[in-house]
Structures are given as structure tokens and as C-alpha cells.
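Shown next, in C-alpha cells, is the structure this report addresses.
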Amino acid sequence: MRRSGAAIQNWLCVRPGMKKIGIIICGRYKECGGGKCFRALGERVGGFSRYPKDEPVEIIGYSYCGDCPGGNIEYVPAEMKKNGAEVIHLATGMVVGYPPCPYIRQFKEFIETHYGLPVVIGTHPIPLKYMEAHEKLTFWKDMKMEELAGDLMREDRDVMESYNS
């Protein structure tokens, strides 16, 4: 059955005027249902604080990297872009896992260069208990996470604490 452009758009649930986001999570957390990410989107905190609360936002894709070294990074952004993604978020779990994703910079560069989609590092705020633990770790500083995910690290501490569960 052949579909018209409008029918395809309705079938994909892509609505004009909405910011369309794809989320890629770390393979360690591939069973994650996305609760903190979706909560943060609704609250417009963490990596989603860049979107005004009155701006409609739609998640058009949610997948994982494909495990180390990130085999899905070659293909998942293509599907997300085909379905209307305007930006890709690399999930907070890539930043605060033990150890943090060693490929996160390469993923960002590849997606931005190959697919022409901007990449935001982070989804939900860093839970405060993880932030406090990571601030003491030398590899955190060595990886220059402040440079990469500074927006997440500057989140209000009370908000971070509310994501501890």
C-alpha cells in the first residue's frame, strides 16, 4: 500500500511545529525504560532544559548504542533522521556510568558530521549521588567531562538530588 506524504507523517506521529528528538542510551542500560529521561523532558531539566516549557517536543526514537564500541551509532541516527529527528541526545548514562562512555566524543562527532544533526550530551540531570562520587574520581577530570557535559553539571543541586532514586 502506497502512502502519501501526509499519511506517512500521520503514521509516524510526526507533527509539524514540534521539536523532534532522538535519544541514544548506553548499551549497559539497554533494558532501561527511560523513566528519568522522559520525566526530565516533561520538567525541562537536565539536557532538556534548552527547550522552553511551552515548546512542544516529541521523542521520535529511543535506542541504545549497540554496546561497545557503538555499532548502532552508524545506523540508529539514520532511522531517527528519516523519522524527522532534528537533534540527538546522548543519554546521561553515557556520562555517569562506570566508567563513562569512552566513545562519547566520537559518537557526537560522527553523528554531527555524517548525519548533520546536532548532538546534545545528556538527557536527565545527573543524580546528585553520582555527581558527588564522580567529582572525586581522577578519570572524570582526565576525560574532561566538565567540558563535554557542563550543562548537566551546572544543574541545581536540589534537582539533581530529586533524581537520586
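Table: residues versus (1) outside any helix (DSSP H, G or I); (2) modelled with pLDDT under 90.
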residue	(1), (2)
Asn10	no, yes
Gly22	yes, no
Cys32	yes, yes
Lys36	no, no
Tyr51	yes, no
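How about the range 21-52: which of its residues are buried (at least 21 other Cβ atoms within 10 Å of the Cβ) and either over 17 Å from Glu155 (Cβ atoms) or of a type in the set (D, E, K, R) (or both)?
Ile21, Gly22, Ile23, Ile24, Ile25, Cys26
Can you find a residue that is more than 23 Å from Met160 (Cβ to Cβ), among the hydroxyl-bearing types (Ser, Thr, Tyr) and in a loop (DSSP other than H, G, I, E, B) anywhere in the range 101-118?
Looking through the range 101-118, at least one residue is more than 23 Å from Met160 (Cβ to Cβ), among the hydroxyl-bearing types (Ser, Thr, Tyr) and in a loop (DSSP other than H, G, I, E, B).
Since Arg15 meets every condition but one in (1) among the charged types (D, E, K, R); (2) under 13 Å from Met94 (Cβ atoms); (3) modelled with pLDDT under 85, which condition does it not meet?
(2)
Among the listed residues Lys136, Lys141, which satisfies the condition of being out of contact with any helix residue (DSSP H, G or I) (no Cβ under 6 Å at 6 or more places or on another chain) and either outside any loop (DSSP other than H, G, I, E, B) or within 18 Å of Arg39 (Cα to Cα) (or both)? Give the derivation first.
Working: Lys136 fails: either outside any loop (DSSP other than H, G, I, E, B) or within 18 Å of Arg39 (Cα to Cα) (or both).
The match here is Lys141.
Which count do you get for residues in the range 138-165 that are under 30 Å from Ala78 (Cβ atoms) and surrounded by 14 or more Cβ atoms within 10 Å (Cβ to Cβ)? Explain how you work it out, then say what you get.
Quick first cut of the range 138-165, residues under 30 Å from Ala78 (Cβ atoms) only: 143-145, 147-152.
If we keep only those that are surrounded by 14 or more Cβ atoms within 10 Å (Cβ to Cβ) as well, we get 143, 145, 148-149, 151-152.
So the answer is 6.
Are any residues in the range 71-99 part of a loop (DSSP other than H, G, I, E, B), of a type outside the set (S, T, N, Q) and in contact (Cβ under 8 Å) with a residue 40 or more places away in the chain, and if so, which ones? Explain how you work it out, then say what you get.
Going through the range 71-99, the residues part of a loop (DSSP other than H, G, I, E, B) turn out to be 75, 83-86, 91-92, 97-99.
Those still in the list that are of a type outside the set (S, T, N, Q) too: 75, 84-86, 91, 97-99.
Across the range 71-99, the qualifying residues are Gly84, Ala85, Glu86, Ala91, Gly97, Pro99.
Under 29 Å from Arg157 (Cβ atoms), free of Cβ contacts under 8 Å to residues at least 24 places away in the same chain and β-branched (Val, Ile, Thr), is that true of Thr138?
Numbers: under 29 Å from Arg157 (Cβ atoms): yes; free of Cβ contacts under 8 Å to residues at least 24 places away in the same chain: yes; β-branched (Val, Ile, Thr): yes.
Criteria met by Thr138.
Can you tell which of Glu74, Glu135, Glu112, Glu55 is exposed (fewer than 14 other Cβ atoms within 10 Å of the Cβ) and in contact with a strand residue (DSSP E or B) (Cβ under 7 Å, 6 or more places away or on another chain)? Let's see the steps before the verdict.
Values: Glu74 fails: in contact with a strand residue (DSSP E or B) (Cβ under 7 Å, 6 or more places away or on another chain); Glu135 fails: in contact with a strand residue (DSSP E or B) (Cβ under 7 Å, 6 or more places away or on another chain); Glu112 fails: exposed (fewer than 14 other Cβ atoms within 10 Å of the Cβ).
None of the other options fit; the residue is Glu55.
Is there a residue in the range 89-100 that is of a type in the set (Ser, Thr, Tyr), under 19 Å from Glu31 (Cα atoms) and surrounded by fewer than 16 Cβ atoms within 10 Å (Cβ to Cβ)? Break it down stepwise before answering.
We begin by selecting, within the range 89-100, every residue of a type in the set (Ser, Thr, Tyr); these are 92, 98.
Keeping just the survivors that are under 19 Å from Glu31 (Cα atoms) gives 92, 98.
Keeping just the survivors that are surrounded by fewer than 16 Cβ atoms within 10 Å (Cβ to Cβ) gives 98.
Checked the range 89-100: at least one residue is of a type in the set (Ser, Thr, Tyr), under 19 Å from Glu31 (Cα atoms) and surrounded by fewer than 16 Cβ atoms within 10 Å (Cβ to Cβ).
The values are calculated or read from the model by the stated rules, or taken from the named source; none is laboratory data. Keep in mind that this is a model prediction, so the values were computed, not measured. Neighbour counts are summed over all protein chains in view; Cβ atoms, including those assigned to glycine, are modelled from backbone coordinates with ideal geometry.
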